[in-house]
Amino acid sequence: MNLPEQFLENMKVLLGAEYDAWLTSYENTPFQGLRVNTTKVTPSDWQERVSPFELTLVPWTKNGYYYKEDVRPAKHPYYYAGLYYLQEPSAMAPAALLSVNPGDRVLDLCAAPGGKSTELGTKLCGEGLLVSNDISNSRARSLLKNLELFGIPNICVTSEAPEKLADTFGEFFDKILVDAPCSGEGMFRKDPDLVKSWLEHGPEYYAPIQREILKQAVRMLKPGGLILYSTCTFAKMEDEDTMDWILQEAPEMELVPLTPWEGACGGVDGKPVIRLFPHKIHGEGHFVALLRKKPELENRNYSRDFAAIRSDEMAGMSAKGKTAKEVAALEKESDFLEWERMLCKPLDRSRMMVKDNLVYYLPEEFDPKWKLRYLRTGLLLGEWKKQRFEPSQAVAMVLRQKEYSQTFSMSSQDERVIRYLKGETIFLEDGETLKKGWTLVCVDGYPLGWAKYTGSALKNKYYPGWRWQ
């Protein structure tokens, strides 16, 4: 691999005696990884019963695995069921190291394509709020798909500049992940095209951007809250120097020591951060640091009761007629009520909103006063189409087989599974029976999407944009 001379000189200074071993590692094939969706399958069940692949555990996370080069996990029905996310192993470290609990308010500030957001969302277990943002609208669309594929219901996906988010939220979040845009030095082995990008925009270009993003993140963090800062670069300017900068710029912040595991390294000058290098681990390069806003500031009046505000605002919207009128009209439609009766858990009407004939189920923490560019607010339940209701692909991925009254499950070895994922009509075989109406189609008990049984066949309702290619 033809690496830039200046980059090599920088690495000699950074690594010292380990430089030759690091350089030799670039002759090795990069490691491939997948991370299991723990809202759908436990790691133990995955290893002992579910996994169709031969896998090896990634040491720094409980639900990450290496797979072999000859495996094609993106061409298996379980991928379409949202059972796992394909992710470079070292990139699993940031979300693994940020402690997130159900009920937290979490922000992923530079979230696309969603590898870290999907893990943060699973940790919330459907409680609290995950705001996943990417300033690029096109990248935010891929982020939304991955969150919906993983079945994360309590989301807001936005495409805003960090300062706009900070002006809107104030000190609202318990946990924030800043996986900052960077020069990508740690990914040169995996993606050699990044070398050309580095020559055009190196650490000097990215460091100011990272620091501005981090400064806005501090504005949105509650006292006592945590920020996990990460990059996939080796450059000290973008890593330890940025930590020094934010600690000087925001004296209310402090570093929380991270303890390296086997193969991981501490930071330059003894900083209690984590560095990952390809000659030390089975993975590429990453930098991770954990920051906390000092809790002695907690007596400030930094937040409001957003759950109460959301209830008041929704009541206000109802008084104006829009939400209450449209939801009431929707409730009268027999098609919607018929579908809803098939759910094993009733919906909370106060959390429903209809906009442009799309029906949303809002997170409990959602505040209608937030004026942002949303790609999604909560869970898209479906679309109201001229006196009929069609449930969404997103809600199919949130449900479990036992949570909907009529399901049709096929083995992953059944050729009809691929035909369903391609959008084809599915016919029942001898001994298979269904009632007319909406049916949750599954593979080995894991939902894939919707079909409508007509009495003779399952009319395919799998989302066209997700179809098997």
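The values are calculated or read from the model by the stated rules, or taken from the named source; none is laboratory data. Note that the coordinates shown come from a computational prediction; the quantities given were computed from them, not determined experimentally. Neighbour counts are summed over all protein chains in view; Cβ atoms, including those assigned to glycine, are modelled from backbone coordinates with ideal geometry. Side chains are part of the model used for accessible areas, which takes the heavy atoms of the whole protein and leaves out ligands, DNA and RNA. Shrake-Rupley method; radii C 1.70, N 1.55, O 1.52, S 1.80 Å.
Most tightly packed first, judged by the mean number of other beta-carbon atoms within 10 Å of their residues, the peptides 424-433, 372-381, 403-412 read 372-381, 403-412, 424-433.
Using only the Cα atoms, work out Rg/Rh for segment 148-215, with Rh taken as the Kirkwood radius, to two decimals. Walk me through the numbers on the way to the answer.
Working: Rg = 15.7 Å, Rh = 14.7 Å.
Checking Rg against Rh, the ratio lands at 1.07.
Using only Cα atoms, what is the ratio of the radius of gyration of the chain to 2.2 N^0.38 Å?
On the way: Rg = 23.7 Å, N = 469, 2.2 N^0.38 = 22.8 Å.
Cα-based Rg divided by the globular estimate yields 1.04.
Under the criterion of Cα pairs below 8 Å and six or more residues apart, the relative contact order for segment 1-115 equals 26 percent.
Can you tell me the dipole magnitude for the chain around its Cα centre, using point charges on the Cβ only (Lys, Arg +1; Asp, Glu -1), in Debye to the nearest 20?
Roughly 1940 debye, rounded to the nearest 20.
Remark: segment 218-293 is approximated by an ellipsoid whose semi-axes, taken from the C-alpha gyration tensor as √(5λ), come to 23, 12, 10 Å, largest first.
Across segment 1-57, counting alpha-carbon atoms alone, Rg and Dmax equal 18.7, 49 Å. Counting only alpha carbon atoms, the long axis of helix 115-124 and the longest principal axis of the chain meet at about 60°.
Accessible area of K422 (1.4 Å probe, protein heavy atoms only, ligands and nucleic acids ignored): about 100 Å².
When only C-alpha pairs under 8 Å and at least 6 residues apart count, what is the relative contact order of the chain, in percent?
Details: 936 pairs, mean separation 61.9, N = 469.
About 13 percent, as a whole number.
Ordered from largest to smallest accessible area (heavy atoms of protein chains, 1.4 Å probe), the residues K215, K332, K369, K190 come out as K332, K369, K190, K215.
Can you tell me the equivalent ellipsoid semi-axes for segment 112-225? Use √(5λ) from the Cα gyration tensor, largest first, whole Å. Each step should come with its number before you reach the end.
On the way: eigenvalues 131, 72, 29 Å².
After diagonalising the Cα gyration tensor, the semi-axes are 26, 19, 12 Å.
Computed with a 1.4 Å probe over protein heavy atoms only, the accessible surface of the chain comes to 44 Å² per residue.
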